[in-house]
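The structure under discussion appears below in the form of structure tokens.
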Amino acid sequence: MSSYAIRDSATMLRRNLLHVVRYPSMTAGVLLIPVFMMLLFRYAFGATLGAGIGTGTGGYINYLTPGIIVLAVSSASVSTAVAVNTDMTEGIINRFRTMAIARVSVLTGHVVGSVIQTVAGAVVVTGLALAVGFRPTAGPAGWLGAIGLVVLLAFACTWVSVALGLLSPNPQGASNSPLPLALLPFLGSTFVPAQAMAPGLRWFAEYQPFTPVIETLRSLLLGTPAGDKPAIACAWCAGLGVAGYLSSRALFNRGAGHSQ
């Protein structure tokens, strides 16, 4: 990327971060889901589920938190898709195209801004978890690995949500299109191990993208054996990120062609 494109991308990033600060309702609304789920399963269902998987209530919050962090990352895809679609449908992109700015900077600003917002949300959720009893055993290497995995997942989910936002006809549609992505952690090992599920659901939970990510994050924060899960998690994140990037670029360029 040229220095010209980097400068324009930084300008677009600043623009998107200012939108987040001025209009925080979407960010707050997205954070409500993981926060509510953490409190609900910590205090309403924690004792029962903890006993079922062989831990007490205190142990269950340790099991639960990594999955809720991943849920916070996937839930942020909704606000990203809406923001991208709003720019595309309200005419601001056409104005950008008449200006001497690098075309790549528009999507780059959205993606980097959304990743920063998503990681900040994950930090808030982690802080809440620590306040209600989460006690990780990770050392510095474990925390660095966990942060890296969250950032990698955030990039993957963001590129997919950008593509979904570009594909949607309006902001209302964009708010619904990422819901399958946002809900996938519910069908993974967020709340109970995949082995405890019914056979059909167990198979889906084991082979969908978010379960290896959750299990890897859990092993990094709690020091449990990870097996081959880290490699599978990174492969899923890389695959989703590349697919989202290529789709976003194609959709954005197609929109540019249609607008000219």
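The values are calculated or read from the model by the stated rules, or taken from the named source; none is laboratory data. Everything quoted here is computed from the prediction, not taken from an experiment. Virtual Cβ from ideal backbone geometry, glycine too; neighbours counted across all protein chains shown. In case anyone asks, the SASA skips ligands and DNA or RNA and just uses the protein heavy atoms, side chains included. Shrake-Rupley method; radii C 1.70, N 1.55, O 1.52, S 1.80 Å.
Computed quantities for the displayed model
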read-out	value
Every pair of residues 6+ apart whose Cβ atoms lie under 6 Å, when the first sits in the range 233-245 and is farther than 14 Å from Ser74 by Cβ while the second is surrounded by 14 or more Cβ atoms within 10 Å (Cβ to Cβ)	Tyr245/Trp159
Tally of residues being in a helix (DSSP H, G or I) and in contact (Cβ under 8 Å) with a residue 60 or more places away in the chain across the range 114-142	10
Cross-chain or 6+ apart pairs with Cβ under 6 Å, the range 33-53 first and charged (D, E, K, R), then at pLDDT 90 or above	Arg42/Ile61; Arg42/Val132
Meets criteria (under 19 Å from Ile116 (Cβ atoms), assigned to a helix (DSSP H, G or I) and not hydroxyl-bearing (Ser, Thr, Tyr)) for Gly148	yes
Output for the range 177-220, where each listed residue is part of a loop (DSSP other than H, G, I, E, B) and surrounded by 15 or more Cβ atoms within 10 Å (Cβ to Cβ)	Ser177, Pro178, Gly188, Ser189, Thr190, Phe191, Val192, Pro193, Met197, Gln208, Pro209
Residue count, the range 113-165 (criterion: of a type in the set (Val, Ile, Thr) and open to solvent by 50 Å² or more (accessible area, probe 1.4 Å))	5
